[in-house]
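The values are calculated or read from the model by the stated rules, or taken from the named source; none is laboratory data. As the structure is a prediction and not an experimental result, all values here were calculated from the model. In this analysis, Cβ positions are derived from the backbone assuming ideal geometry, glycine residues included, and neighbour counts consider all displayed protein chains. Please note that ligands, DNA and RNA were not included when accessible areas were found on the heavy atoms of the full protein model with its side chains. Shrake-Rupley method; radii C 1.70, N 1.55, O 1.52, S 1.80 Å.
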Amino acid sequence: MEPEGERRLPSRGDGTGSGDTVEKKVALMRIFVEGKDLAAKWRRTAVPNGFISEAEIRNDLSQKKVYMQGFDKTGQPIVVAFGAKHYHSKRNMNEFSCFVIYVLDRVCARMPTGQEKFTCIGDLEGWGLSNCDIRACLAALDIMQNYYPERLGRVFLVHVPYLFMKAWKIIYPFMDKNTRKKFVFVEDKNLRATLLEDIDEKQLPEIYGGKLPLVPIQDPDPLDPTHVARGDDN
């Protein structure tokens, strides 16, 4: 008996086994197309106008909790998110979901040609009970894993308080195995050295000992030459 999960697709019956290869390719193509179609259907519902306007997410943007500037050593855009600037009591779930889509779209638009991932620094300094929002975390995770698959490169969690680990135990089971491997908990004493392994000092935010100032996600990066071509200054 063949092990479960290893059952072979029927061959053509000519003994060559080439039918297996053809049918497997067809099956994989079907999965790919159906996955693309699912994401397209979701986007037509979640983003009916084709993009999220800043007017739709005014509350989340005003908190200035997500920034984007610089690239890591592999060319991935760097996003910095501050957990202590998110408040459960001030969160509207629909707006927050739109905010997550807005952030991911902005990040994807900044990816250089040939690059498909981004790096994130999740800063949890000052994070407490008022910032704990399991529902929002799971919503963001769902959007990223199901509709922006394989966009996340690595997440460096810095200044992690002990209290956060209780929330992490709740969120962790909802992550797929591939996503789990992307999270790196960084000790304060090794913070700068750890970040510099993946990010050049000239591309590292100033607050972590680098050279770049923080730029809110909604603002054009003055050091990004492509923002002029995109018309972000208008």
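Residues in region 116-136 that are open to solvent by 40 Å² or more (accessible area, probe 1.4 Å) and either part of a strand (DSSP E or B) or over 21 Å from Met175 (Cβ atoms) (or both): Glu125, Gly126, Leu129, Ser130. In a residue-by-residue description of region 49-57, the property of being more than 20 Å from Arg154 (Cα to Cα), open to solvent by 80 Å² or more (accessible area, probe 1.4 Å) and polar (S, T, N, Q) applies to at least one position. Is one or more of the residues making up region 24-41 in a helix (DSSP H, G or I), modelled with pLDDT of 85 or more, over 30 Å from Asn131 (Cβ atoms) and open to solvent by 70 Å² or more (accessible area, probe 1.4 Å)? Yes - at least one qualifying residue is present in region 24-41. Taking the criterion of being open to solvent by 50 Å² or more (accessible area, probe 1.4 Å), outside any helix (DSSP H, G or I) and either touching a residue at least 12 places away in the same chain (Cβ under 8 Å) or in contact with a Ser or Thr (Cβ under 7 Å, 6 or more places away or on another chain) (or both), the only residue of region 186-202 that qualifies is Asp200.
Yes or no: region 79-95 includes at least one residue that is surrounded by fewer than 21 Cβ atoms within 10 Å (Cβ to Cβ) and of a type in the set (Phe, Trp, Tyr). Yes; the residues of region 79-95 include at least one that is surrounded by fewer than 21 Cβ atoms within 10 Å (Cβ to Cβ) and of a type in the set (Phe, Trp, Tyr). Return yes or no: is Ile171 open to solvent by less than 10 Å² (accessible area, probe 1.4 Å) and either in contact (Cβ under 8 Å) with a residue 12 or more places away in the chain or closer than 25 Å to Arg91 by Cβ (or both)? Spelling it out, it is not the case that Ile171 is open to solvent by less than 10 Å² (accessible area, probe 1.4 Å) and either in contact (Cβ under 8 Å) with a residue 12 or more places away in the chain or closer than 25 Å to Arg91 by Cβ (or both).
Evaluated against (1) part of a helix (DSSP H, G or I); (2) of a type in the set (Gly, Ala, Ser); (3) in contact with a Lys or Arg (Cβ under 9 Å, 6 or more places away or on another chain), Ala139 falls short on exactly one condition, (3).
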